[in-house]
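Reading through the structure tokens given below for one structure.
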Amino acid sequence: MSNCAANAGLGLTIYRGLRELRTYHNPLDLVRERSPERPVALVRLAPVAVAARWFQDNLKADVFYAVKANPSRWVIETLVEAGVTGFDVASLNEVELVRSVSPDARLAFMHPVKSRAAITSAYFDHGVRTFSLDCHEELEKILDATGQASDLNLIVRMAVSADGAQYTLSGKFGVSPDQAPSLLLATRQAVVDGLMGVSFHVGSQCMRPTAWQAAMAQVSRSISRAGVIVDIVDVGGGFPSVYPGMVPPDMSEYADAIHRGFNEMPVSETTELWCEPGRALVAESSSVLCRVDLKKGDALYLNDGSYGSLFDATHSRWPFPTKLVRDGAASAELKPFRFYGPTCDSIDHMPGPFWLPADVREGDFIEIGMLGAYGVAMSTRFNGYGEHEVAMVDDAPMASLYGLAPRSIPTVRTTAEEQARKVVRLSRPKGKAGVRKQRRR
Ligand SMILES: Cc1ncc(COP(=O)(O)O)c(C=O)c1O
């Protein structure tokens, strides 16, 4: 099967295997060589390998990469080469993709709602043994679709608070604490020779490490009420990356909080700890090279947008970091710009602000960084756009939690914001009186 065929249905990028990717020293070399017509996903392998190593070395957990964050073949290949053997898959397409790269990978089908056909094919054709569920109906469906298999690992997805996250992921899935005990009990009884587990997701881009400890305490209460023995505790994804204005605590704080939370759980010595990082393994690895097709005042019309790899720049208003990639001098003055994508839909708008040299113009190329997670993966074909090329670059990512680049992305302030910061505020009275005064408010 060709690489492209193996990835049919998984987005629109021309996914290629590692060996087929052309390598450039940096994005400017690519622009110098040719002006690409389509947006280019710029791929860096080192950040993926280094992030994988961090998880393997620092979290005492089995790592299952959440393929949805970036289902590119080169990501799966790089992770396999880095020693990652577990993959969290959400669809049959993802199952087939991972199997085509790594026939021996451990696959966990962690989407709590799957079609019967997908379960049957995953189990019988691809050797998937681990499935998640969050209700009795899904439990029955999994048992039915696998012919009451005795070697299933069944994981109950629990709803937990997502207070510290930029994206809530408990709204759609997860059994509530009052319904959990009966589902835990039924699942325990359904497991014959396999393992029974619990999982949760604290929400994506979680800025608060203690969110995991709180979730584990909540899950512990359900386990105790159900009176079941749990073989797997899967702490999900949610590990962060760096974006402008979002610098998470040190990654070691996440590991410490999870280990503390796990130690406090009512589980046995043989209970396995699993995790499903997506964003934190791939966000740093890719940026997208776009072309400016028109400049209208402070609006730049690009050949990529919210129906392409800039979904989060529209829907979450994330001001991803940007760099002008021009073969020649550029204005030293930076100005805030907003972006429009190539489609005719007015929602195809990224408010930013994106800071670029004031003289940015039509025909220029812009690198938009930190788009390795939920970037190209979100592309659609709307209006005939959405295809990306892929090229490898050797330079550093724009920011890194793993020491490959600065830990934060400087945010530029407008003159108005600078002025606002200079407004003198009356300081609070110091000492106990001040504390009392604050509390009374
Ligand atoms: C079940 C599951 N696991 C893991 C992830 C990965 O989350 P993140 O990219 O925030 O690490 C997701 C994201 O949607 C998910 O739904």
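The values are calculated or read from the model by the stated rules, or taken from the named source; none is laboratory data. This one's a predicted model, so the numbers in the text were calculated from it and none came from an experiment. We place every Cβ from the backbone using ideal geometry, glycine too, and count neighbours over all the protein chains shown.
For the criterion of being touching a residue at least 24 places away in the same chain (Cβ under 8 Å) and within 15 Å of the ligand (Cβ to nearest atom), R326 fails.
Screening W318, W274 for residues that are in the same structural domain as S408 (by TED's automatic domain parsing), touching an Asp or Glu at 6+ places or on another chain (Cβ under 6 Å) and within 16 Å of the ligand (Cβ to nearest atom) leaves exactly one candidate, W318. Count of region 37-74 residues, restricted to those that are within 14 Å of the ligand (Cβ to nearest atom), of a type in the set (F, W, Y) and not in a strand (DSSP E or B), is 2. For V292, the stated conditions do not hold, so it cannot be described as in contact with a Ser or Thr (Cβ under 8 Å, 6 or more places away or on another chain), more than 30 Å from S199 (Cβ to Cβ) and more than 16 Å from the ligand (Cβ to nearest atom). Checking D88, D134 one by one, the residue that is crowded, with 23+ Cβ neighbours inside 10 Å, of a type outside the set (G, A, S) and touching an Asp or Glu at 6+ places or on another chain (Cβ under 8 Å) is D88 and no other. Here the condition is being farther than 23 Å from R279 by Cα and modelled with pLDDT under 95; of S346, S316, it holds for S346 alone. Quick check on this structure: which one of L334, L289 is modelled with pLDDT of 95 or more, assigned by TED's automatic domain parsing to the domain that holds D394 and under 23 Å from the mean Cα position of the chain (by Cα)? Being modelled with pLDDT of 95 or more, assigned by TED's automatic domain parsing to the domain that holds D394 and under 23 Å from the mean Cα position of the chain (by Cα) holds for just one of L334, L289, which is L289. For region 315-363, a residue qualifies if it is among the polar types (S, T, N, Q) and surrounded by 19 or more Cβ atoms within 10 Å (Cβ to Cβ), and exactly one does: T322. Taking only pairs six or more apart or across chains, which ones have beta-carbon atoms under 9 Å, a first residue in region 387-411 that is part of a loop (DSSP other than H, G, I, E, B), and a second residue that is at pLDDT below 95 and of a type in the set (S, T, N, Q)? Note: pairs meeting the criteria are E387/T13; E387/S379; H388/T13; H388/S379; D394/T23; A399/S408.
Condition first: among the aliphatic types (A, V, I, L, M), crowded, with 23+ Cβ neighbours inside 10 Å and part of a strand (DSSP E or B). Now tell me which residues in region 251-297 satisfy that.
V288, L289
Applying the selection to region 329-361, what residues are of a type in the set (A, V, I, L, M) and either part of a loop (DSSP other than H, G, I, E, B) or without any contact (Cβ under 8 Å) to a residue 24 or more places away in the chain (or both)?
Once the filter is applied, which keeps residues that are of a type in the set (A, V, I, L, M) and either part of a loop (DSSP other than H, G, I, E, B) or without any contact (Cβ under 8 Å) to a residue 24 or more places away in the chain (or both), region 329-361 yields A329, A330, A332, I347, A358, V360.
Within region 127-153, residues that are farther than 17 Å from F87 by Cα and in the same structural domain as V191 (by TED's automatic domain parsing) reach partners that are among the basic types (K, R) and surrounded by fewer than 14 Cβ atoms within 10 Å (Cβ to Cβ) with beta carbons closer than 8 Å, at six or more positions or on different chains, in the pairs K141/R116; D144/R116; A145/R116. Under the condition of being within 16 Å of the ligand (Cβ to nearest atom) and either out of contact with any strand residue (DSSP E or B) (no Cβ under 6 Å at 6 or more places or on another chain) or not assigned by TED's automatic domain parsing to the domain that holds V235 (or both), the residues counted in region 75-89 number 2. Within region 237-252, residues that are closer than 16 Å to G203 by Cα have Cβ atoms under 6 Å from residues that are of a type in the set (D, E, K, R) and within 13 Å of the ligand (Cβ to nearest atom) in these pairs: G237/E276; S241/R279, counting only partners at least 6 apart in sequence or on another chain.
Number of residues in region 119-128 that are buried (at least 20 other Cβ atoms within 10 Å of the Cβ) and either in contact with a His (Cβ under 9 Å, 6 or more places away or on another chain) or of a type outside the set (G, A, S) (or both): the value is 3. Pairs are defined by a Cβ separation below 9 Å, a sequence spacing of at least 6 or placement on different chains, a first member in region 278-306 that is under 22 Å from V247 (Cβ atoms), and a second member that is surrounded by fewer than 24 Cβ atoms within 10 Å (Cβ to Cβ) and among the basic types (K, R); the pairs so defined are G278/K68; E284/R44; S285/R44; S286/R44; S287/R44; S287/K323. Of the strands (runs of 3 or more DSSP E) entirely within region 111-216, those holding at least 1 residues that are touching a Lys or Arg at 6+ places or on another chain (Cβ under 9 Å) and either within 12 Å of the ligand (Cβ to nearest atom) or at pLDDT below 95 (or both) occupy 130-133, 165-167, 196-199, 204-206.
Based on this model, can you work out whether G375 counts as crowded, with 19+ Cβ neighbours inside 10 Å and in contact (Cβ under 8 Å) with a residue 60 or more places away in the chain? When the stated conditions are applied, G375 passes them.
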